[in-house]
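The values are calculated or read from the model by the stated rules, or taken from the named source; none is laboratory data. Since this is a predicted model, take the numbers as computed values, not measurements. Note: ideal-geometry Cβ built from the backbone for every residue, glycine included; neighbour counts use all protein chains shown. The area values use the complete protein model at the heavy-atom level, side chains included, leaving out ligands, DNA and RNA. Shrake-Rupley method; radii C 1.70, N 1.55, O 1.52, S 1.80 Å.
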Amino acid sequence: MIPFLDLKRSNEPHQEAIQAATNRVLQSGWYILGEEVSAFERSFAHYCGTRHCIGVANGLDALTLVLKAWAFEPGSEVIVPSNAYIASVLSITLAGLTPVFVEPDPATYLLDPARIDAAVTARTKAILPVHLYGRCCAMTAINAVASAYDLLVLEDAAQAHGARYSGKRAGALGHAAGWSFYPSKNLGALGDAGAITTNDDDLADRLRALRNYGSAQKYVNDYVGVNSRLDELQAAILSAKLPRLDEENHRRRALAALYLNGIRQTSLRLPPADQVDQDVWHLFVVRHPRRELFRSYLRERGIGTDVHYPIAPHHQRAYHPFAHQSLPISEQLHEEVVSLPLNPTLTDADVAYIIDTVNSMRE
């Protein structure tokens, strides 16, 4: 059996470092907004190439708090890809703003810069590109559109830990970036955790207050904030795992290359292979016109798969006011995408078996 993902196995190489980090927190007697959070914030900001990292409770809060900190008028519009995970859209509406769905590039599945211009109105305030599956969006073109219309850019980097674009890492490509450290991410905690990176000093100060009840000084509340603080324990665990992130991403790239070079199944559409060494391959997503048949075939042969994601955001019941919109590229993607196993614990033999099984499928 080759499961889609085995988190226990994924964390085994880090077990000793995680245990040491856990013991350190327990012995410190300080469990909220202490030195572990500060140390991780410094390390991750340095890793991303930004001046600031602000640890928060999860990835959704990371995006939502940035949008709230920018203090746009209620109902202002934020452009977001139509095939994003629901969290990207939720952050916009939770901040009291309106999502404007823009179709992805069908070749990369990422926000298509060529379609943004037509979506901009007098109410548009920001663009929220999502670095889906571990590949950075076309940020040069996106930032050019943003500059032309005086818009802010918030990267959703939840799947792109360590990814690069034009010599910079994800998280340093816009005005701010939201991160998730959900356990399945390339850099995953052992529970919920998130962060924001930015080079904006004033924004960073506001965010540090907003995450802590709107308070920068104990019992003094300057903003209507929330309780969204990165936990000391999770920060210590992330600090323990961060030094091996590049090594594990390198392994992901090697496995992705095996897939790209080995799969010859004509019914499948493979992900783009033009920047294998820049992507971090959080997911290896293929497309099949009869997805459930394909998944069933692999499952019967001991191979787990997953779907990221089966329902387009505008077709979710939570967003029924947008259901009338015609977004055919996104709708087709959501019907066809399927993720093959890809994580650093897979062996070359595992991947060879998956490739042989995929190539052997006959419809």
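Scan (1) open to solvent by 50 Å² or more (accessible area, probe 1.4 Å); (2) in contact with a helix residue (DSSP H, G or I) (Cβ under 6 Å, 6 or more places away or on another chain); (3) touching a residue at least 60 places away in the same chain (Cβ under 8 Å) for the single condition Q278 breaks and write down its number.
The single condition Q278 does not satisfy is (2).
If I86 satisfies every condition in (1) touching a strand residue (DSSP E or B) at 6+ places or on another chain (Cβ under 9 Å); (2) open to solvent by 20 Å² or more (accessible area, probe 1.4 Å); (3) under 27 Å from A323 (Cα atoms); (4) in contact (Cβ under 8 Å) with a residue 60 or more places away in the chain but one, which is the exception?
So I86 meets the others, but not (1).
Sort out which residues of the range 244-274 are surrounded by 14 or more Cβ atoms within 10 Å (Cβ to Cβ), in a loop (DSSP other than H, G, I, E, B) and under 22 Å from the mean Cα position of the chain (by Cα), and write them in order of number.
L270, P271, P272
Select from the range 201-222 the residues that are surrounded by 15 or more Cβ atoms within 10 Å (Cβ to Cβ), farther than 20 Å from A177 by Cβ and out of contact with any strand residue (DSSP E or B) (no Cβ under 8 Å at 6 or more places or on another chain) and list them in ascending order.
Hit for the range 201-222 is A216, nothing else.
Please verify whether L190 is open to solvent by 10 Å² or more (accessible area, probe 1.4 Å), touching a residue at least 60 places away in the same chain (Cβ under 8 Å) and over 28 Å from A256 (Cβ atoms), treating the condition exactly as stated.
no
So which of A138, A146 is more than 22 Å from P321 (Cα to Cα), open to solvent by less than 10 Å² (accessible area, probe 1.4 Å) and small (G, A, S)?
A146
If you check S330, S360, which single one turns out to be of a type in the set (S, T, Y) and either at positive phi or touching a residue at least 24 places away in the same chain (Cβ under 8 Å) (or both)?
None of the others qualify; the one that does is S330.
Yes or no: the range 344-356 includes at least one residue that is in contact with a strand residue (DSSP E or B) (Cβ under 6 Å, 6 or more places away or on another chain) and surrounded by fewer than 18 Cβ atoms within 10 Å (Cβ to Cβ).
yes
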